[in-house]
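Bear in mind these aren't lab numbers, they're just calculated from the coordinates by the rules spelled out. Fair warning: this is a prediction, and the values are worked out from it, not measured in the lab. Here the Cβ positions follow ideal geometry from the backbone for every residue, glycine too, while neighbour counts run over all protein chains shown.
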Amino acid sequence: MASAAGKSRILVVGGTGYLGRHVVAASARLGHPTLALVRDTAPSDPAKAALLKSFQDAGVTLVKGDLHDQASLLSAIKAADVVISTVGAPQIADQTRLIDAIKEASNVDTVVFPQNFSQNFAISMFSLVIKKTQPLAS
């Protein structure tokens, strides 16, 4: 389901966090159609609002959703080939919901959970060719 330009469509979950903001920016900079799952597309926090504006200016699509809203997860996942979860430590256990939605959507080629990697590794991984991985087991 790659885009017309042959680039993978990338969904970043946790895209406004410490690591996620860099992953979103790198994905967009490399020309991938990029979606960022965000809880609030119009936050009252000026810093977060500025971050989301910078994403939009870079061509990123903001998708309103939450790890606790399965319908929003499914909708976002169905629009992507690659899912990268950069959620923070307090939400790591909630990733089971994300995995369930990925299995249900059954269209994702690659899933990345880089919580244990450095920021530089997460950014540089976009220089690699994204290859189709084994399908997730049901």
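Based on Cα positions only, what radius of gyration and what Dmax would you give for the stretch 31-83, in angstroms?
For the stretch 31-83, the Cα-based Rg and Dmax read 11.5, 31 Å.
I want the local charge near Ile102. Using Cβ-Cβ distances under 13 Å, sum +1 for each Lys or Arg and -1 for each Asp or Glu among the other residues.
Working: positive: Lys78, Arg97, Lys103; negative: Asp81, Asp100, Glu104, Asp109.
Charge balance in the 13 Å sphere: -1.
Report the extension gain between Ile92 and Lys7 in nm, rounded to one decimal, defined as 0.36 nm multiplied by the number of residues separating them, less their alpha carbon distance. List each step's numbers first, then the result.
Numbers: separation 85, 0.36 × 85 = 30.60 nm, distance 2.81 nm.
In short, 27.8 nm is gained.
Would you mind computing, in nm to one decimal, how far apart the modelled labels at Ala58 and Asp40 are, each placed 7 Å from Cα along Cα→Cβ?
Between Ala58 and Asp40, the simple spin-label model gives 2.2 nm.
In vacuo Debye scattering of the stretch 1-99, one point per C-alpha: log10 I(q)/I(0) at q = 0.13, 0.16, 0.25 Å⁻¹?
After summing over all Cα pairs, the log10 values are -0.40, -0.62, -1.44.
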